[in-house]
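Undergrad: Starting off with a structure, shown below.
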Amino acid sequence: MKRSSKAEAILSQINSKTKLGDLRKIAKDIKKDHELAMELWSTGEFLPRQLAILIMDNKLLSQDLFNKLDRDIQSHSFNERNQLMEWLIANQLSKDKKTIGLMESWANSPSTLQRRSFWYYQARLRGWDKHHRPTLKSYYLPLKNNRKRRTRSTMGHEFRRRLDWSICPKVSNTLYRSWQEDRTL
């Protein structure tokens with residue numbers, strides 16, 4: 001596929017030493033350009049794909065396009081896949097009601113990345129991120145003697161267990177042990 005001169009000029013600015021802040025500056029200059037984003041995406045390289053995510057027009061995103069992006073992301077390493085999906089969620093999917101609706105429909109998607117995106121979005125809705133991850137013990141101790149909210153805590157245990165296993169297996173083991181300890185209180 002022949003690239004446009006604009007795409008070639010942008011690709012010449014991007015190399016292995018390009019920082020993410022530099023990509024953001026380039027994206028700020030471009031603003032939104034969906035066609036250019038798709039050209040950059042078609043390179044198959046990690047950094048141009050990150051820039052493409054930043055300049056996509058979220059009004060033109062559809063389930064078919066997400067399925068294509070999902071298949072393309074599978075070709076990257078584990079860390080790159082996660083970073084591309086996180087950027088896609090933060091910069092495109094969570095910005096429009098239509099795309100949020102799509103993301104909410106991915107709870108039982110056959111695609112691992114789409115299911116993971118669903119749970120990642122659910123975690124962000126509840127204020128969890130990489131830096132703030134409350135332990136189950138601190139969350140449920142105030143509920144211990146509260147009879148009204150006891151059934152709700154059972155649902156919370158299941159949600160948090162599923163959420164953590166889908167997002168971060170290392171942390172999930174710690175939280176699962178904490179959940180088991182909470183059951184014995």
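The values are calculated or read from the model by the stated rules, or taken from the named source; none is laboratory data. Just so it is clear, the structure is predicted and the values come from calculations on it, not from any experiment. Every residue, glycine as well, gets a Cβ built from its backbone with ideal geometry; the counts of neighbours run over all protein chains shown.
Undergrad: Of all residues in region 20-31, which are within 13 Å of P48 (Cα to Cα) and at pLDDT 90 or above?
TA: Filtering region 20-31 down to residues within 13 Å of P48 (Cα to Cα) leaves 20, 22-24, 26-27.
Passing the criteria: D22, L23, R24, I26, A27.
Undergrad: When both residues are 6+ apart or on different chains and their Cβ atoms are under 7 Å apart, which pairs have a first residue that lies in region 100-123 and is touching a residue at least 60 places away in the same chain (Cβ under 8 Å), and a second that is part of a helix (DSSP H, G or I) and β-branched (V, I, T)?
TA: none
Undergrad: Right, here's the next one. Of the conditions (1) under 24 Å from E8 (Cβ atoms); (2) surrounded by fewer than 13 Cβ atoms within 10 Å (Cβ to Cβ), A107 clears all except one; give me its number.
TA: Status for A107: all satisfied but (1).
Undergrad: Please verify whether region 16-39 includes one or more residues that are part of a helix (DSSP H, G or I), of a type in the set (S, T, N, Q) and surrounded by 12 or more Cβ atoms within 10 Å (Cβ to Cβ). Break it down stepwise before answering.
TA: Pass one, region 16-39, residues part of a helix (DSSP H, G or I): 20-30, 34-39.
Filter once more, keeping what is of a type in the set (S, T, N, Q): none.
No, that holds for no residue.
Undergrad: Looking at this structure, is Q74 of a type outside the set (S, T, Y) and surrounded by fewer than 18 Cβ atoms within 10 Å (Cβ to Cβ)? It would help to see each step written out before you state the result.
TA: Details: of a type outside the set (S, T, Y): yes; surrounded by fewer than 18 Cβ atoms within 10 Å (Cβ to Cβ): yes.
Spelling it out, Q74 is indeed of a type outside the set (S, T, Y) and surrounded by fewer than 18 Cβ atoms within 10 Å (Cβ to Cβ).
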